[in-house]
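The block underneath contains the structure these notes are about, expressed in structure tokens.
Computed from the coordinates by the stated procedures, all read-outs in this text should not be read as laboratory data. For clarity, every value in this text was computed on a predicted model and none was experimentally measured. With ideal geometry, Cβ positions are generated from the backbone for all residues, glycine too; neighbour counts draw on all protein chains shown.
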Amino acid sequence: MKNKLLAKVRELPEKPGIYLFKNKKGEIIYIGKAKKLRKRVSSYFRASTHEQNGKTRELYQEIDDLEFIVVPTEKEALLLEANLIYQHKPKFNVLLKDSKRYPYIFISDDEFPYISITRIRDRKGFYYGPYTSITLVRNLLDLLQRIFKLRSCMDNRDCKKGRPCFLYHLKMCSAPLAGEISHAEYQKQVRGFMDFLDGKTLDVRRQLERSMQRLAENLQFEKAKEIRDVLVSFDRLYSKQAVDVSESYTADFIVLDSGIVTLLEVRGGLLLGKLTFDFPEGNLKDFIQQFYYGQNHRKPPVLIVPGLNKSEIKEIAEDFEYIGNPRSEEEKRLLLIASDNTIEELRIRLKVQQSLKMAKELLGLNKIPRIIEGVDISHTQGVYTVASVVVFRNGQPDKISYRRYRITELNEPNDFEALKILMRRRYSKHPPPDLLLVDGGAPQLAAVRESLEELGLKKIDFIGLAKEEEEIVFPDNRGRLKLSPDHPVLRLLTTIRDESHRFAVNYHRVLRERKFSTSRLDDIPGIGPKRKRALVRAFGSVTNIKKASKEELMKVIKNRKVVEQILAWTKKQG
């Protein structure tokens with residue numbers, strides 16, 4: 001079979017291109033690029049190559065077929081290879097893995113694009129990021145909506161009927177779906193929004209200052225004040241996120257150490273991200289190829305990355321204004337920050353791994369608990385019983401995997417039955433974790449055991465954490481284990497327990513307030529189901545309705561008498 005394959009290799013052209021190795025099942029197991037296809041692919045079939053590289057020998061043994069794609073240039077081969085690796089994720093290629101799911105700012109490709117925050121890149125449009133902090137992203141979007149007034153709704157029926165939403169009245173949306181702005185003017189705002197995220201922050205600030213000055217000269221002081229407030233928010237964000245470089249400076253800094261990549265994102269003088277990635281077998285060139293070309297992240301004008309040779313830089317130099325070693329003291333300092341963060345990440349991971357290994361021995365588990373799920377139940381006197389499941393991978397929260405459940409089968413409060421229902425719903429569809437952590441003691445564990453046995457999951461490891469004394473409770477006759485408050489295993493378990501409790505309580509609060517907010521409106525004379533829905537849709541909550549002015553209420557209700565009744569009711573509420 002190898003002879004037949006070798007004959008196929010001899011027929012390959014001596015041109016740039018991509019080669020794809022497949023196994024007997026037809027699965028792509030390796031993708032590579034070559035300046036000369038025949039010469040490069042032939043090297044895999046030489047005994048001397050196998051002697052030098054055990055991984056290549058293992059790959060050779062699995063190769064059953066190959067395909068190739070000829071391209072005009074090496075650069076096109078680089079792009080195609082990166083895209084195909086990202087699409088197929090072959091077994092023998094070095095693959096980039098995010099240490100966590102980072103947030104992105106998304107801009108849709110609609111006629112009137114909307115903006116949102118996402119952790120999954122599954123829609124057509126433009127993605128900015130990834131960013132480190134969800135709080136930073138929200139603060140940034142709040143500022144940019146006040147500047148550019150892009151819509152944040154995917155579809156607003158009221159706007160399509162010519163009734164702008166509440167954000168329009170707060171001057172945070174230009175209501176394009178309601179026809180309050182032309183398509184050309186809205187596209188201009190979109191371009192400004194994208195320019196800001198690309199690092200042209202100084203241009204935006206100067207434009208705002210000019211607008212404020214012009215309005216003040218024309219005695220439009222109220223509008224000038226609005227821009228001044230935006231500039232104050234702008235400066236507040238800069239004071240928290242700025243680094244000691246000019247406001248026009250935009251670059252990425254990359255450091256690879258011990259299989260971990262740290263990337264600092266500086267955009268317009270703002271430090272917007274400190275990202276870490278697992279890349280245990282790759283090199284810097286592989287990372288750049290997969291991150292910027294395969295995953296299609298936006299490229300900065302400057303890429304500071306030590307360790308690339310001249311040929312590697314030449315291959316991608318045309319896509320950057322500069323790529324290579326730091327050129328100034330400022331760039332050396334920022335690269336050092338990236339390096340220090342890599343070392344800190346390695347230290348933290350080593351500590352977490354030690355805690356997980358310690359947990360296995362201390363708790364008598366079947367395996368190291370790399371995946372731990374924490375569960376909790378929340379309700380108020382049996383009303384709106386909800387359950388939460390939080391997932392920790394290698395000691396870190398995997399928030400994209402969190403799940404919450406409504407427990408509607410119970411007529412009266414019963415935490416034990418709620419736990420049984422949760423176990424059945426969760427683990428009849430999802431694989432069990434390495435360790436299941438229950439918020440509670442022996443009675444809760446008995447309920448969990450009963451449900452897991454019904455599902456045939458008798459070997460799953462699960463424990464409880466009793467709140468009173470923070471004692472670890474086992475489902476067998478081992479009794480309770482009390483550790484010191486600073487013990488690394490107890491700190492890990494309490495972190496997961498507290499997170500599951502927070503997640504459950506937040507969901508319960510959302511359901512409770514949703515019901516509370518809508519039902520209280522029934523007390524207002526003249527408010528029927530239709531007007532109640534309109535108020536909730538426009539203002540979101542009773543608290544916001546109480547804060548609304550007469551003019552804002554008139555935009556929604558369009559009946560002066562009813563608006564007067566609402567204002568009288570809010571005044572009575574205090």
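Treating only the Cβ atoms of Lys and Arg (+1) and Asp and Glu (-1) as charged, compute the dipole magnitude of the chain about its Cα centre; round to the nearest 20 debye. Please report the intermediate quantities before stating the final value.
Numbers: 104 positive and 78 negative charges, 340 e Å.
The dipole magnitude comes to about 1640 debye.
Which whole-number percentage describes the relative contact order of the chain, with Cα contacts under 8 Å and a sequence gap of 6 or more? All intermediate terms of the calculation are to be shown ahead of the outcome.
Details: 922 pairs, mean separation 48.0, N = 574.
With pairs under 8 Å counted, the relative contact order is 8 percent.
Select from Leu256, Phe112, Val302 the residue farthest towards the positive end of the dipole of the chain; place +1 on Cβ of Lys and Arg, -1 on Cβ of Asp and Glu, and compute about the Cα centre.
With unit charges placed on the Cβ atoms, the residue in question is Phe112.
Pick out, in residue order, every one of the chymotrypsin sites (Phe, Trp or Tyr not before Pro) in the range 12-65 that is DSSP loop and has at most 14 other C-beta atoms within 10 Å; say none if there are none.
On the way: sites: Tyr19, Phe21, Tyr30, Tyr44, Phe45, Tyr60; in loops: none.
Qualifying residues, ordered by number: none.
Order these by the 10 Å Cβ neighbour count, fewest first: Leu141, Leu219.
Details: Leu141 18, Leu219 8.
If I rank by nearby Cβ atoms, fewest first, I get Leu219, Leu141.
Name the lysines eligible as straight-distance cross-link partners of Lys482: C-alpha to C-alpha under 17 Å, and not fewer than 8 places from it in the same chain.
Those lysines meeting the cut-off are Lys360, Lys467.
Tell me, rounded to the nearest percent, the portion of alpha carbon pairs in the chain spaced more than 31 Å apart. Kindly include the intermediate steps, with their values, before the conclusion.
Numbers: 106332 of 164451 pairs.
Roughly 65 percent, rounded to a whole number.
Just want the answer: with Cβ charges of +1 for Lys and Arg and -1 for Asp and Glu, which residue in Leu334, Gly273, Ile323 is farthest toward the dipole's positive end in the range 251-346?
Ile323
I'd like to know which of Val563, Ser428, Ile18 lies farthest towards the positive end of the charge dipole of the chain, counting +1 on Cβ of Lys and Arg and -1 on Cβ of Asp and Glu.
Selected residue: Val563.
Which net charge results when you count Lys and Arg as +1 and Asp and Glu as -1 among the other residues whose beta-carbon is under 14 Å from that of Ile18? If you can, show how the numbers build up before the last one.
Values: positive: Lys15, Lys22, Lys33, Lys35, Lys36, Arg38, Arg40, Lys75; negative: Glu67, Glu74, Glu76, Glu81.
Net local charge, Ile18 excluded: +4.
Among the aspartates and glutamates, which fall within straight-line cross-link reach of Lys399, defined as a Cα-Cα distance under 13 Å, with same-chain neighbours fewer than 8 residues apart omitted?
Glu373, Glu499
Kindly work out what percent of the DSSP beta bridges joining two residues of the chain are antiparallel, to the nearest 5.
Working: 58 of 73 bridges.
Approximately 80 percent, going by the DSSP bridge assignments.
Which of the pairs Lys35/Lys314; Lys171/Lys555; Lys33/Lys314; Lys124/Lys171; Lys351/Lys429 have their Cα atoms more than 21 Å apart in this structure? Intermediate values should be presented prior to the final figure.
Numbers: Lys35/Lys314 14 Å; Lys171/Lys555 14 Å; Lys33/Lys314 16 Å; Lys124/Lys171 27 Å; Lys351/Lys429 33 Å.
Violating the 21 Å limit, Cα to Cα: Lys124/Lys171; Lys351/Lys429.
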